[in-house]
Structure formats: structure tokens, C-alpha cells
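Structure first, commentary second.
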Amino acid sequence: MPQPAAKDTHVELVDISRSFGGVRALDEVSLTIGRGSIHALVGENGAGKSTLGKILAGVIAPDRGQLLIDGEPVTFHSPREAIVRGIVLIAQELSIAPALSVAENVFLGTEPRRAGFVARRALRRRYDELAAAAGFELSGDLPGRGLRTADQQKVEILRALCRNARLIVMDEPTAALSRPDADRLHQVIRRLAAGGTTVVLVSHFLREVAELADQVTILRDGRLVRTAPAADETEETMLNSMLGRSLGTTFPARRPVRPDAPVVLEARGLSAPGVHGVSLDVRAGEIVGLAGLVGSGRSELARALCRAQRVTAGTVTTASGPLAGRPPGGRRLAAVLPGPGPWAALRAGVAMIPESRKEQGLMLGRPIAENVSLASLARLSDLGLVRRRAERQAVTRALGQVGVRVPAQRPGGGAWARRHGRPGQQGRPLGLAAPVSTLSGGNQQKALFARILLRGPRVLVADEPTRGVDVGAKRAIYELLTSLAAEGLGVLLISSDAEEILGLAHRVLVMRAGRIAAEFRGEAMTEAAILGAAFGAADAGPERGA
Amino acid sequence: MDQQDLTQAKATAGRLPALRPPAGAATGLRRAGILYPFLILFIVLSVWSAPFFTKVNLLDILDQQASTLIIAAAGTLVLVAGGIDLSVGAVYALAGVTAAHLALFTSPGVAIVAGVAVGLGVGLVNGVIVTAFRINALIATLAMSFVVSGLASLVTGGNLVIDYSRPGFADLARTSFLTVNTSTWTMLAVVVALAVVLSRTTAGRYMYASGSNAEAARLSGVRVQLIKLTTFVISGGAAALGGVIDASRVLSAQASNGETTLTFTVLAGIVVGGTSILGGEGAMWRTVVGVLFIALIGNGFDLLGLNPLYEQIALGGILLIAVGLDAWSRLRQA
């Protein structure tokens, strides 16, 4: 609220450009950051906000353009040089040494020393001074191991402060935080700014930006849309500028589930590590949203349903019969012998789009075709020999269905790799032979959908299917999910994006602490209801014992 | 535990430095890989040494490399599927002495089958240790190689097993067909068969998938552990076949045959060819060219009368370069 008066300029960026392999991540972006202000960078994935933050902190160098600090032109060759000038980046992935205490982590590399030994008492005293100055209540004696993300972030901030940081770049600091922790971090950021430290905040959360920032810079496709006082912006205006078009067209129309649609996936009292006694039904043609905080057991439930994780109790039943809760043959044997895994679930018609396409979904170095056909090879082969023409045709068809145009050139050909690739030319097979890693993030995700389409399951468990993809691909994936459901597939859609769930799902299950905390349908499906249930704020019943 | 590994992997993946070797040149180089050095060496030797480019010498090289190529062909499957088998030298010795020993008092056929069966058995044990008990393949097969070597010494009692009284046993390797020895024919059959498995069958695809991204393969319905186990069984069987062929060729065998040198040569051949030590990448032609490249170096040292001591040094250096190139191109790709 208190709009700070005109501040002197701390950092100025002039016509900064940076390309990655032919894709222009930043295109002549200029902006001015005031001393002691909270300056937010917003934009979609790939808009260039993280790149800008990294250029500020010397992690990457701009191709062109000038960076001025306190009016003085500087060129950073490494983060170290930026730190010398008082600029520190706190990345999304935090780096806390688990074996060291909080205080030791903070002073890592800059410990007060006496004759080569760490002066423990001095370390302790300086930590207390620093923490008090920053207004943190965090004991310096706590071990780094097991520190909550919010506290890890405090350690990173203190680390920055003890290096005399005058500008801290925070990349998505609240992405992994619960609401109360995020609120606490907001207070910390405000206090930093009030103390004269400049904070550059890279964030996806527009509400956070609106509440916290003094100035907002909106980026789209690497270009500056505008820099404006946050007080003049609303979530709506920011979103519209980021997207360059109005919302409302984002979600395809939902088709009602036929009243007589059969249940295609049924879980009863399902327990697995992180999942406690979950029961749910998914009917043919139905999209069931599964909401909840990160760590509430959503992904664990997904993996248990798909037999990718050990099930300790309960049953999963599909249209083609029971997908037994526990591997047959007793426990002891099951520990040694590979129990039925995801292949058994697939055979029963349950397929999965995993949470992380890079870690769990794709074979990045392998050709596009192999990635798409992997789950359907049995059908595309005779006596174990892959019918390659049939495979190529099936893969091309499936990719066409999900809207991936396969590049018709070899890798290394330039900008095509990140974009959609050019249609035409006869080089199609060559395109399918290119590694799947040459596709853009959105197209990689679509390739995973192509794999599922080709397999033709009856149930799809999609875990964060639109994570890290651009708006166009998101929209395409929404349409895919809707049309798959219209064709009679049962979909369990896991997402952290409440809007996404509200826009697509017929009903919503909310998980909290490994249990289904609430179910909403129809009018009751609101963002407030989902969040309330996820945080346990609303009429939470008495907790059952574990 | 899985989850933790995963988040760690994510963290490091996200933090990969912006500094990457340039694309293009490296990709092309890697794709053609060993082919150019091999051709250059071949031409140089042909020009330099008159006896090199003769049918006798070339067939001789192939014949000498028969067992190495068989073992390396199977080893390619293991590496592609994300494993590694360091017990092949020991299995080679155990199968050789087993077959040679049995050939003394049974028919050669039985001896040969028994030798190969021993290898398949060791391969199965390797596979079970690695997949069911989730023990690192490097350690598991290294330990197994000691066990197997010990067994081989038990069979021979520390002596050389000599089959000169049983010339029938030599038929496996020494029968000439179309002026080419059966050992070479057997090698060709095995290499072609395994090449087809790797590049044309669903099993081969599953091997690439398992080695490239085991979790992705698993979630796509691939029985990753079963696939890996199969590659170890094949590797054991191939190592045994190599041992039996060589025992048959010289009509003798001892427990110290093979040892670490063979394991090294096999691995070096595979990796120098360009198959990734980290799994998921590779091809059979690469292994063949890689093994022959190393064989040419040895042959060249012989023909040119160079000090064989340097051969070992050269081989070690070449292997380091190959592994380094692999790591480098991975960094670029990531």
C-alpha cells in the first residue's frame, strides 16, 4: 500500500538481448529498477523473466545491451562478479548443506576464522546479529537437514545479506511454499525493501505480485510489454498483457457425463506410502480433478493407481477386473521378485502421464518415433519384430492427432528445434528419427499424449499435464483431455492450477495429508472451496488417526 | 527414496551451466564416430605394411577376434539397457575350462553345451543380483568375476587342461567352410542375430528404453528389470561361447585365460565404437567397428614391429578419449 516516493535508480538495463540456440529469449528489453524497491518480473513460461533475472545476477551474459549499476556500466562474467557488486540470485532450487547448522550454512565460505579454525562463538554471535537485523526468528543451531523450504529460503536470504547484497533476485520464491509460509516470506521481503535492499521478484503468482511489488515489469515472448507501478495493475490487466489476448477462451466446452456411464476406475481404501485409505471412482467420459497442495499425496495416489508404487492396502478395480491391491504371492516374495508393475495397469487399461516428463516420461536422447510407440510396440510387431512401416504410420497419425508437426530436418538446423518445425518436405521419417529432446516443451508433452493415444487406454491419470508448457500447448492439451473424455475415456486430472481443474473437471477431489479431504461438484466448485479444503481451513472434520 | 533421488536429479538438471559445447560439429562427429579413425587406420596400415591387406591376414584378424566380437556384441545389449558386465573375462575362462575338462571324457557336443550353459547360469545369477537385489551392476559383476575365477581354478586344479587327445573338440572352431573357419562363421551369426535383436525387435527397443530412462520405460509398461536380467543372461552365454570357441581352437584351456584383459578389450571395443557407458545409446555396427579398430591397432603393432608395451598404453588412452567424448556430448545434449 505505502507507495514509496521516487527512489534513485539502482540498476538500469538498456536494450538487453539474449538468444538461446536461435530462439530470442530477450529482445531489446530496457528497464529501470529503483533502490529499495520490490520490482516484479512477470510473464508466462518462456517470456524471458528468469533469463532477465539471471542476466542481472551474472549467471548468463547478454548478447547485446548494457547493464548499469549505480549509473556505472558493468559486465559480469560470473555470478561471483555480480556478488562483488552486491547482486545475489536466490534460485528456485535451494542449496543447503544438510550436515551443517543454519548458522554454518549462512556463513558458508565466509566463516569468521581464527588461525584457520572456525571461530564458533563469533559465528554464532554474528548469526544472531544478522538474523535480528533481518527480523528472522530462526535458530542458528538447527541442522540444515530437514529444514522446511520456507526456512531454507530464509537461510538463502541471510546468506545473501551477509555477503552485503544490496539487490536480491528471487526466482519463484513462493512456488514451493504453503500459504502461511508464503505470507511470512512476503513480510520478510517487505522488511528487506524497507531496509534499503532492492528485491527483484520473478513470480508466476499475480496476486502475490499485486500485493507485494512496487513496480511490475511484464514480459511477453522476450519483449517488454510495460513497466508500471503495481498499484496501477490488477491481476486481470497483468494477465491480459501477458497473454496478449483476453481470457475466457482458454477452456474448451465441457461435455456432460452420460448418466449411465460405467465406472472405469474404482479405488477402495487404497493405501500406499503417502496415501491413506483413499476411495474414488472415475466414470467413462468423466474428468475428475484431483487438487491439493504439493506433498498432499496426489502424485503418490496417481502412482499407486497405476501400480508404479507399492500398495499397502485396499483395492483398485478397472473395467476389465480387479487390479489386485497387493502383488500375489505374498509379501516376502514380492520384495525380491518384481511384482506386477505399471505394465499390469496398462494391460488393464490404466495409463499415466507422469508428473515430470523429463525424469519419468521421455527418453530424451531417443528418436521421437520410439518415444511415441514405446507403450504400443506389442501391437506394432510380429513375432517380436517391430513392423517399422506400421510403426511410422501409427506414430505419424498419433502425433497428428495431438497436433505435433514433426520437423522435417536434421537437428542443428536452427530455430526449428524450439518451434513447431516446418510442415511439408518429404523428409518425414527423418523428422521422426530426431531425438525427442529437439521438440519444444509443449510438443514433448504432446508426444507423451501421443504415446497414450496410440496405446488407447480406458483410464488416463494425468499428473500436472500442462506443467512447463506455453499457452498454445496448454490450450491444445485441454482440448485433447476434453475430446478424450468425450470419446469415453475416464480421466483423473491432477493439477496445482485451480483454474485448470475448475475449467476442465466435472467434479473435484481435494487431497490433504494423504486423504481425500473434500469433493465438490457443480456450483460448489470454486477456487475458494478448493483452496480452503486443501489448506484445511474450511469445515475440516476431526482428523482421523493414521 | 526414489522421490528424493528424483528431486535431486531435477535440481541438478535445472542447474546445468549455460556453458555448453557448441552443437553441430560434435553431433556429426559423434554420429559417424569411430568410422573415420577406423578407415584412416585401415588405409594407413594397407599402405604401410604389405602383409596387412592380404586375405590371410584379414581373415586371421577376424578369426582371432571372433570370441571378443561375440562377447562385445552381447555386452552392447547390456550397456544399452543400462547395465555393465565385468564378469565376462571370468565367465570366458570358466566356460573354457569346463568344456575342455568335460571334452576329456564326454562327447564334444555335450562339453560345448555344458560350457555355454555354465555361462548362461552365471549370467542369470548376475542378472538376479542386479535386478532383484538392486545391487550396482559394476560391483555385482566385479564380485562375481572373482567368484567365477575361483570356480574355474577349482575345475582345473590350477593346471592347464589339454585336449590334444580329443581332436573332435576342435571341430567347433577349426572346421573350414568356404575357406573361412567356423569360429568366424559362428561370430558372424551371433553378431547378426544380436544386431537384429537390438535394432529390430521389441526387446531391443525395450533395452534402449530401459537404458535411456528406466522410469519412463517402466511407466510405459516395459518390464525394465526383466529386460535387464535378459541382457545379463545373454552376456553370460556369449562370454561362455567365446571361451568354449577359444578352448576348442587351441585344444586347451586354463583358469587364467581371459582375466581382466579380455573384459577390458570388450568394454573398450564397445565404448570406443560409441555406445554409451551410461546406457540408452549405441548400435551393433559401432561395437563391431570399435572392436576391430582395437584389433587393427594390435595387428599394426605386430606388423610394424613396434614395441608391444606401447600398445597397452595406447589402448588405455583411446578408451579414455572415447569415454570423454561420450560424457562431453551428453553435457551438450542435456
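Numerical summary
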| read-out | value |
| --- | --- |
| Signed unit charges on C-beta, dipole axis of the protein assembly as shown, positive-most listed residue A:Ala528, A:Ile189, A:Gly146 | A:Ala528 |
| Under 5 Å, built H, 5+ apart or other chain: amide partners of A:Ala518 | A:Val510 |
| Given charges at beta-carbon only (K, R positive; D, E negative), |dipole| of region B:26-333 in Debye | 860 debye |
| A:Val118 versus B:Asn307: modelled label distance in nm, points set 7 Å from Cα along the beta carbon direction | 5.2 nm |
| Region B:219-234 residues near the modelled B:Leu124 label - backbone nitrogen below 20 Å, point 7 Å along Cα→Cβ | B:224-234 |
| Amide proton proximity set for A:Arg283, modelled H, under 5 Å, gap of 5+ | A:Val264 |
| Where labels lie 7 Å past Cα in the beta-carbon direction, separation of A:Asn240 and A:Arg207 in nm | 2.1 nm |
| Residue range of chain A that is longest and free of GluC sites (Glu not before Pro) which are both DSSP loop and sparsely packed (at most 16 other C-beta within 10 Å) | A:138-486 |
| Calculated FRET efficiency for the pair A:Ser320/A:Ala390, C-beta based, R₀ 22 Å, to 0.05 | 0.30 |
| FRET efficiency, 1/(1 + (r/R0)^6) with R0 41 Å, evaluated for A:Arg347 and B:Leu39 via beta carbons | 0.30 |
| Taking region A:1-155 and dividing mean pair separation by its residue count, relative contact order in percent (alpha carbons under 8 Å, at least six apart) | 18 percent |
| Longest exposed-site-free window of chain B, the sites being chymotrypsin sites (Phe, Trp or Tyr not before Pro) in a DSSP loop that have at most 14 other C-beta atoms within 10 Å | B:165-334 |
| For the protein assembly as shown, average projected area of the Cα convex hull in nm² | 44.0 nm² |
| Gain on full stretching of the segment that runs from A:Ser17 to A:Glu523 - 0.36 nm per residue minus C-alpha separation | 177.4 nm |
| Anisotropy class of region B:26-333 from Cα gyration tensor, a/c 1.5 cut | oblate |
| C-alpha long axis of helix B:202-212 to longest principal axis of chain B, angle in ° | 60 degrees |
| Phi-based couplings in Hz for region B:83-92 (Karplus 6.51, -1.76, 1.60; Gly and Pro marked x) | x, 7, 10, 9, 9, 4, x, 5, 5, 3 |
| For the protein assembly as shown, size of Cβ-based charge dipole, Lys and Arg +1, Asp and Glu -1, in debye | 1020 debye |
| Rough spin-label spacing in nm, given labels placed 7 Å along Cα→Cβ, for A:Ala231 and A:Ala133 | 3.0 nm |
| Local net charge near A:Glu211, Cβ-Cβ under 13 Å (Lys/Arg +1, Asp/Glu -1) | -2 |
| Paramagnetic reach from A:Leu142 (point 7 Å along Cα→Cβ, amide N under 17 Å) across region A:175-196 | A:176-189 |
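Throughout, read-outs are computed from the coordinates displayed, never taken from laboratory work. Because the structure is predicted, anything quoted here is derived from the model rather than measured. Note that each Cβ is placed from the backbone with ideal geometry, even for glycine, and that neighbours are counted across all protein chains shown.
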